[in-house]
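Before any comments, here is the structure.
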Amino acid sequence: MQLDRVVSVMGNTIQHGHSSNRAYLLKLGGSPDIAARSLSDIAVAEGYSKVIAKVPETMLDAFTAQSFEEEARVPDMYAHKGDGVFVARYFEPERRNEILETTFESVRALAEEKANNISKRLPEGYTITTLKKNDIPEMINVFQQVFKKYPFPVHDAAFIEQTMLEETYYFGVHFREQLVAVSSAEVDASMGNAEMTDFATLPPHRGNGLASCLLTEMESYMRTMGIKTAYTIARAVSPGMNITFARAGYRYCGRLPNNTCIAEGIESMNVWSKAL
């Protein structure tokens, strides 16, 4: 599997690679005009068919002026700067087309029907903890069994260790001292938000509501840190995680068409968010 690269261009953090066939502005740290232009330049140079950016709404005009369009909006994502907006530009028109659009809408409707239902309690014999450096080998074992393809190198110990130093907090469920489920919160403390992500449960332990239990624990931890907004980017075709977030009180914010290489190929992703 070819791994994406993460680069800094004039203070802007950009992830790009041929697996997802895109460039993605992870964090805006410099001029929005330069960030938008840099994304497009990378796409042309590498032959990518899509670029996407996650930016404060106050910076939206700089991107729409360069042919970007809004795809999702997270309320109050950025402290003192308002909503967070996912904007995209396509270099191949057919990439916009979603052949499973009807399925995506059905999954969303199913999830919203179950919104705010009581989440499951942690079953007997399971425990939740935060994960540290010494847990990395077991974390990789879980990720390797769950993710055939993934947009980040979660099979790489050095990558996970580095993210632990950069405001990513990992959580795990153990059963009889074996790590059986993992998740993470990618925190932007300065902006008061966190992305709830990397949910992975070993097949024999699925169906026990472990993702819901992890999410509850993650939210509690984020509140102690002063995080005000949590959001996630979930596979639009997968009922499980969309239901998990809807049950926990998350609200649908939009869909990113044909956005991320995960599971069997490039998939559309739903964005959900919640005020903590």
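Against the definition (of a type in the set (Lys, Arg), under 21 Å from Gly265 (Cβ atoms), outside the structural domain of Ser19 (by TED's automatic domain parsing) and in a loop (DSSP other than H, G, I, E, B)), how does Lys148 come out, yes or no?
Answer is yes for this residue.
Of all the residues that make up segment 90-116, how many are closer than 29 Å to Ile14 by Cα and more than 19 Å from the chain's Cα centre (by Cα)?
Number satisfying all stated conditions: 12.
Given Gly17, Gly29, which one is assigned by TED's automatic domain parsing to the domain that holds His80, in contact with a Cys (Cβ under 9 Å, 6 or more places away or on another chain) and either surrounded by 17 or more Cβ atoms within 10 Å (Cβ to Cβ) or more than 16 Å from Leu256 (Cβ to Cβ) (or both)?
None of the other options fit; the residue is Gly17.
Restricting attention to segment 178-196, does a residue exist that is crowded, with 18+ Cβ neighbours inside 10 Å, at pLDDT 95 or above, in the same structural domain as Leu131 (by TED's automatic domain parsing) and in contact with a Gly (Cβ under 6 Å, 6 or more places away or on another chain)?
Taking every residue of segment 178-196 in turn, at least one turns out to be crowded, with 18+ Cβ neighbours inside 10 Å, at pLDDT 95 or above, in the same structural domain as Leu131 (by TED's automatic domain parsing) and in contact with a Gly (Cβ under 6 Å, 6 or more places away or on another chain).
Could you please give the count of residues in segment 81-102 that are assigned to a loop (DSSP other than H, G, I, E, B) and either aromatic (Phe, Trp, Tyr) or in contact with a Gly (Cβ under 9 Å, 6 or more places away or on another chain) (or both)? First the steps, then the outcome.
Within segment 81-102, the first condition is being assigned to a loop (DSSP other than H, G, I, E, B), and the residues that meet it are 81, 91-92, 97-100.
This time we only want the ones that are either aromatic (Phe, Trp, Tyr) or in contact with a Gly (Cβ under 9 Å, 6 or more places away or on another chain) (or both), so: 91.
Going through segment 81-102 one residue at a time, the tally reaches 1.
Can you confirm whether Ser238 is within 30 Å of Glu124 (Cβ to Cβ) and at pLDDT below 95? It would help to see each step written out before you state the result.
Numbers: within 30 Å of Glu124 (Cβ to Cβ): yes; at pLDDT below 95: yes.
Considered against the rule, which asks whether it is within 30 Å of Glu124 (Cβ to Cβ) and at pLDDT below 95, Ser238 comes out as yes.
Mind listing whichever residues of segment 41-64 are assigned to a loop (DSSP other than H, G, I, E, B) and either crowded, with 19+ Cβ neighbours inside 10 Å or on the phi < 0 side of the Ramachandran plot (or both)?
Of everything in segment 41-64, those that are assigned to a loop (DSSP other than H, G, I, E, B) and either crowded, with 19+ Cβ neighbours inside 10 Å or on the phi < 0 side of the Ramachandran plot (or both) turn out to be Tyr48, Ser49.
Please go through segment 124-145 and pick out each residue that is outside any helix (DSSP H, G or I) and either touching a His at 6+ places or on another chain (Cβ under 9 Å) or not assigned by TED's automatic domain parsing to the domain that holds Arg255 (or both).
Tyr126, Thr127, Ile128, Thr129
Could you look through segment 151-160, keep only residues that are of a type outside the set (D, E, K, R) and assigned to a loop (DSSP other than H, G, I, E, B), and pick out the one that is farthest from Ser268 (Cα to Cα)?
Of everything passing the filter in segment 151-160, His155 is farthest from Ser268 (Cα to Cα).
For Lys81, work out the one condition from (1) basic (Lys, Arg); (2) crowded, with 17+ Cβ neighbours inside 10 Å; (3) outside the structural domain of Asn259 (by TED's automatic domain parsing) it doesn't fulfil.
Failing condition for Lys81: (2).
Those residues that are loosely packed, with under 13 Cβ neighbours inside 10 Å, of a type in the set (Val, Ile, Thr) and at pLDDT 95 or above, I need them from segment 100-129; list them, please.
Thr102, Thr127
The values are calculated or read from the model by the stated rules, or taken from the named source; none is laboratory data. These numbers come from a predicted model, not from an experiment. Positions of Cβ are backbone-derived with ideal geometry, glycine not excepted, and every protein chain shown enters the neighbour counts.
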